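Asker: The structure's right below; bear with me while I get my questions together.
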Amino acid sequence: MSDRQDTWSGTGRQHADGETQRHRVITGQVWHRSSAPPQAPTGRYGGHTAEPYTGPYTGRIAEPYVGHTAEPDSGVGGGGGHTRHHGGGGGHSRSVRPPWVRPSRRRRIARLLAVLLCALLLTGAGTYAWADFRLARAVDLGSVTDRPPQGKGTTYLIVGSDSRDGLSEQARKDLHTGSAGGGRTDSMMLLHTGAHGTTMVSLPRDSWLTLPPYVDPDTGKHYRPSKNKLNAAYSLGGPRLLIRTIELNTGVRIDHYAEIGFAGFVGVVDAVGGVEMCLDRDIKDPKSGENLAKGCHNLNGTEALAFVRQRHQEAQGDLGRSRNQRKFLSALARKAAAPGTALDPFRTYPALSAGLDTLVVDKGMELPTLVSLFRAMSSVSGGHGKQLNVPVSDLGFSTSKGSAVKWDTAKARRLFTELRNDRPVSLEEKG
């Protein structure tokens, strides 16, 4: 081998003029001992053709230039086969993008849960704002005068009115609501929650009570205290006079007021898919339109309204109707709170919308308070509380306003004292 490290001995070839031309060797290539000797390039160099090397190989192995990588030269001049080096010696560097790695299953699940949580929070916040905006806070308890002192626990007055608002003429006919004008109450209940659980007490609408002095909101005429049916208080003075009448005759201070009309009641029942009720006898009442056979039924809105309004088929008349109303409202609350309803937006939103259409509450009622009322009703249905009528001594008490319901004064006083002081209720429901 010659002294030049970049040439091979015995590789010269002669031109026609007798000069020997040395072959040019490409530097930077890497050869391995296990591989065959490299082939000389066959391209043209300066007008001559390089032929493959066929002689013995006695030279040493060319070492690669450290820090450089060889790439084929795509430039012009010198033909293909030259190499261009890139490396740390001031050459151009090529950025390398790290390979994409698929996230683990645990991480993918965590990301999905985070997205779902954000969606639920946004949806919940939107629903809360929508419901809070639509809630009709129309009853000002702060303007009610001559009230009893604040008791222990929380007492709600729940009213089912016979308001026809939102009902078409055909709907009034189908629901057998009649066309009576003005506002009246079909049901009234006190719901008390406290340290000893929940107690729901029905107040018959024909209860014979003392109405406090009031001013007619339409004429401005003043009226002295007088005896009348409880239902008349709402007709004569609306929610404000009704609240004053109940507080005067019970001594229990009402903390919150909630009222729903016919249309809202029917809409809520239909939205939750009906409510199951089991009857121990046939019920056929032409006035309410109810016609049900003995056994269990999933009542729709129309059937449910007839069920809670009918009383002529009840042995105890108004007390029997009050019992049916408590039973149904508790079952409705339980159905609405069930996961199959509460977690189904196609039932929850229509139920909320229908209820809010005719729901009227006091000005201090916030949505969390309304939810507490709803949960209390549901708990009573589940057996975590008491349901009873106010004690009565006469179901057919004769008055100047017709037959009325007379309370048992001693027992009623004891019941309301227990509620006012948030003590366990000692009375039990009869019948």
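Asker: Ignoring everything but the protein chains, give the 1.4 Å probe accessible area of Cys296 in square angstrom, nearest 10.
Answerer: About 80 Å², rounded to the nearest 10.
Asker: Hey, how many Å between the Cα centroid of segment 380-416 and the Cα centroid of segment 247-305?
Answerer: 20 Å
Asker: I'd like the FRET efficiency for His222 and Leu343, computed as 1/(1 + (r/R0)^6) with the beta carbon distance as r and R0 of 51 Å, rounded to 0.05.
Answerer: On the way: r = 53 Å, r/R0 = 1.04.
Step by step, r from the Cβ atoms, then E = 0.45.
Asker: Moving on. Once fully extended, how much extra length lies between Phe397 and Ser353, figured as 0.36 nm per residue of separation less the alpha-carbon to alpha-carbon distance?
Answerer: On the way: separation 44, 0.36 × 44 = 15.84 nm, distance 4.14 nm.
Result for the pair: 11.7 nm of gain on full extension.
Asker: Based on Cβ point charges of +1 for Lys and Arg and -1 for Asp and Glu, what charge dipole magnitude is obtained for segment 309-373 about its Cα centre, in debye rounded to the nearest 20? All intermediate terms of the calculation are to be shown ahead of the outcome.
Answerer: On the way: 10 positive and 6 negative charges, 68 e Å.
Using Cβ point charges on Lys, Arg, Asp and Glu, segment 309-373 gives about 320 debye.
Asker: Taking segment 298-402, how much of its Cα-Cα pair set, in percent, is spaced more than 20 angstrom apart? All intermediate terms of the calculation are to be shown ahead of the outcome.
Answerer: On the way: 2909 of 5460 pairs.
More than 20 Å apart: 53 percent of the Cα pairs in segment 298-402.
Asker: Here's something else I'd like to know. Determine the order of Ser322, Ser398, Ser226 by accessible area, beginning with the largest, at a probe radius of 1.4 Å. All intermediate terms of the calculation are to be shown ahead of the outcome.
Answerer: On the way: Ser322 5, Ser398 100, Ser226 50 Å².
So, going from the largest accessible area down, we get Ser398, Ser226, Ser322.
Asker: Kindly give the semi-axes, whole Å and largest first, of the ellipsoid equivalent to segment 345-390, taking each as the square root of 5 times a Cα gyration tensor eigenvalue.
Answerer: Values: eigenvalues 101, 49, 23 Å².
Over the Cα atoms of segment 345-390, the semi-axes work out to 22, 16, 11 Å.
Asker: Which length gain, in nm to one decimal place, applies between Leu112 and Glu314 when the Cα-Cα distance is subtracted from 0.36 nm times their residue separation? Intermediate results must be reported in sequence, preceding the final value.
Answerer: Numbers: separation 202, 0.36 × 202 = 72.72 nm, distance 5.58 nm.
Taking 0.36 nm per residue and subtracting the Cα distance, the gain is 67.1 nm.
Asker: Here is a follow-up. Relative contact order (percent) for segment 211-333, with alpha-carbon contacts under 8 angstrom and 6 or more residues of separation? Could you put the intermediate results ahead of the total?
Answerer: Details: 139 pairs, mean separation 19.3, N = 123.
After rounding, I find 16 percent.
Asker: Please report the relative contact order for segment 282-431, taking Cα pairs under 8 Å with a sequence separation of at least 6, and give it as a percent rounded to a whole number. All intermediate terms of the calculation are to be shown ahead of the outcome.
Answerer: Details: 121 pairs, mean separation 22.3, N = 150.
Taking the mean separation of contacting Cα pairs over the length of segment 282-431, I get 15 percent.
Asker: Let me ask another. So, in nm, how far is label Arg134 from label Ser426 when the simple model puts each one 7 Å beyond its Cα toward the Cβ?
Answerer: Taking the simple label geometry, Arg134 and Ser426 are separated by 4.7 nm.
Asker: Then there's this: Report Rg (one decimal) and Dmax (nearest whole number) for segment 359-431, counting Cα atoms only, units Å.
Answerer: So, for segment 359-431, Rg and Dmax equal 16.1, 44 Å respectively.
Asker: In debye to the nearest 20, how big a dipole does segment 249-373 give about its Cα centre with +1 on each Lys and Arg Cβ and -1 on each Asp and Glu Cβ?
Answerer: Values: 15 positive and 15 negative charges, 67 e Å.
Magnitude of the dipole: close to 320 debye.
Asker: Here's another thing I want to ask about it. Starting from the Cα of Lys363, draw a straight line to each of the lysines and keep only those under 30 Å, dropping any in the same chain fewer than 8 residues away.
Answerer: Of all the lysines, those that pass the test against Lys363 - Cα under 30 Å, at least 8 places apart if same chain - are Lys152, Lys221, Lys227, Lys229, Lys327, Lys335, Lys386.
Asker: Any idea what diffusion coefficient segment 285-352 gets from Stokes-Einstein, in µm²/s, Kirkwood Rh on alpha carbon pairs, 37 °C, 0.692 mPa s?
Answerer: 247 µm²/s
Asker: So how much accessible area does Tyr156 have, in Å² to the nearest 10, using a 1.4 Å probe?
Answerer: 10 Å²
The values are calculated or read from the model by the stated rules, or taken from the named source; none is laboratory data. Keep in mind that what you see is a predicted model, and the values were worked out from it rather than measured. Cβ: placed from backbone, ideal geometry, glycine included. Neighbour counts: every protein chain shown. The protein model used for the area step is the full one, side chains on, heavy atoms only, and it has no ligands, DNA or RNA in it. Shrake-Rupley method; radii C 1.70, N 1.55, O 1.52, S 1.80 Å.
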